[in-house]
Amino acid sequence: MIDPRWRTTLAVAPYIVLGMLTAFAVLAEWGAWARLAPALILCTAYGLNILVMRTLPFAWRDRPAAVAAFMTVAIALNLALVLRNGTFGFLAIATFSFAYSIVAWPWELLAVAGTAAVAGLAQSSSFGHDVAGIGGRIAVILLNIAVMCGMSFGLLLAERSVQRDAVEHERARLAGEIHDTLAQGFTGIITQLQAAEQATDDDLRRRHTDAALALARDGLAEARRSMQDLRPLVLHGTSLPDALTNVAGSWSARTGIPATVTTSGTAPALSTATEVALLRTAQEALANVERHAAAHRVTLTLRMDAARIRLDVRDDGRGFDFVDSLRHPSDGTGGFGLTAMRNRLASAAGELVIESRPGHGTVVRAEVPA
């Protein structure tokens, strides 16, 4: 698949190379019409081959048969031009660009080898016709084929490596998404049901049961939403500050811990990745407060300007020894929550800072560029 950043280059560069070589041929052989006319006809045919088979938006142009026909004609015309004038070996630049970009593997090797042979023939056009000259010409052609086919194979390996990295990144992203939605929801449900079991009166038991049901409904909605896209449901049709306010309000109503949201400044429109990273960080921080902090109050502060966005989630709970917690994670997820926050922020070019001391609460700070 052609990288979109190179589409314009691949569309224009062959015409530029062909035009420059045609102009050079006209200047070099002006007046020698017997030699110039066939070269101009071949150049025109090469250009028309690109125009009809690659530039014009015919529906059939990307079919294997059409690609094979295009490359065969391009290599044949390139060869005919090289046999007339070795300078047209530079046209192989254009032919190579198509061989590397539009021919499927492993047929790409045939196109690359054919083009490399033409380039090698042009490079050795000054060699003699004796045994040494013929041997040298063969050696140059074979060297070109080996180098360019090796490059083709190297590009294939690099592309597969990129694809593997992309798959691993997507797996990590999905794992973080599952942790941020379903795992947190299940943890909250278990917490509320355990509290309902220990409740001393029916009203308190009903309140915890209703909270568990609400969490289950939210989890189901998130699961359905995940099948459609990975933008959190709470962000649909609203801004990040409003989404944070809604999340904090729902969390506070469920846990009974007051949570306030303060927003200052304005920022340009944020990417989905940035908004999701900040929202998920807030949700994870609130989940940790519920599970571990025994806090009486939580404050979420969102500061925005043209350069950076900073989110602080501060609680007045028991705090913890941050260094020791890294050595011995005990959040029930093997420390995945902290890792998920860091990875998600890193994917948005941001960073995570945690400040905490036993008895002095905790601050979770996320910073991302605007």
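Side notes on the structure shown:
- For the range 234-242, the criterion of being in a helix (DSSP H, G or I), among the aliphatic types (A, V, I, L, M), in contact with a strand residue (DSSP E or B) (Cβ under 8 Å, 6 or more places away or on another chain) and modelled with pLDDT under 90 is satisfied by at least one residue.
- Failed item in (1) closer than 27 Å to MET151 by Cα; (2) buried (at least 16 other Cβ atoms within 10 Å of the Cβ), with LEU42 passing the rest: (1)
- Residues that are more than 14 Å from LEU81 (Cα to Cα), assigned to a helix (DSSP H, G or I) and among the small types (Gly, Ala, Ser), drawn from the range 24-33: ALA28
- Residues located in the range 294-324, provided they are hydrophobic (A, V, I, L, M, F, W, C), surrounded by fewer than 23 Cβ atoms within 10 Å (Cβ to Cβ) and farther than 14 Å from SER252 by Cα: LEU302, MET304, ALA306, ALA307, PHE320, PHE322, VAL323
- Taking residues in the range 97-109 that are of a type in the set (Ser, Thr, Tyr), and partners anywhere that are part of a helix (DSSP H, G or I) and surrounded by 18 or more Cβ atoms within 10 Å (Cβ to Cβ), the pairs with Cβ atoms closer than 8 Å and at least 6 places apart or on different chains are SER97/PRO14; TYR100/GLU108; TYR100/VAL112; TYR100/SER152.
- Which listed residue, of THR72, THR95, is in the same structural domain as LEU21 (by TED's automatic domain parsing), within 17 Å of ALA45 (Cβ to Cβ), of a type in the set (S, T, N, Q) and surrounded by fewer than 17 Cβ atoms within 10 Å (Cβ to Cβ): THR72
- Search result, residues across the range 277-304 that are modelled with pLDDT under 85 and either charged (D, E, K, R) or in contact with a Leu (Cβ under 9 Å, 6 or more places away or on another chain) (or both): ARG291
The values are calculated or read from the model by the stated rules, or taken from the named source; none is laboratory data. Because the structure is predicted, anything quoted here is derived from the model rather than measured. Note that we place each Cβ from the backbone using ideal geometry, even for glycine, and neighbour counts take in every protein chain shown.
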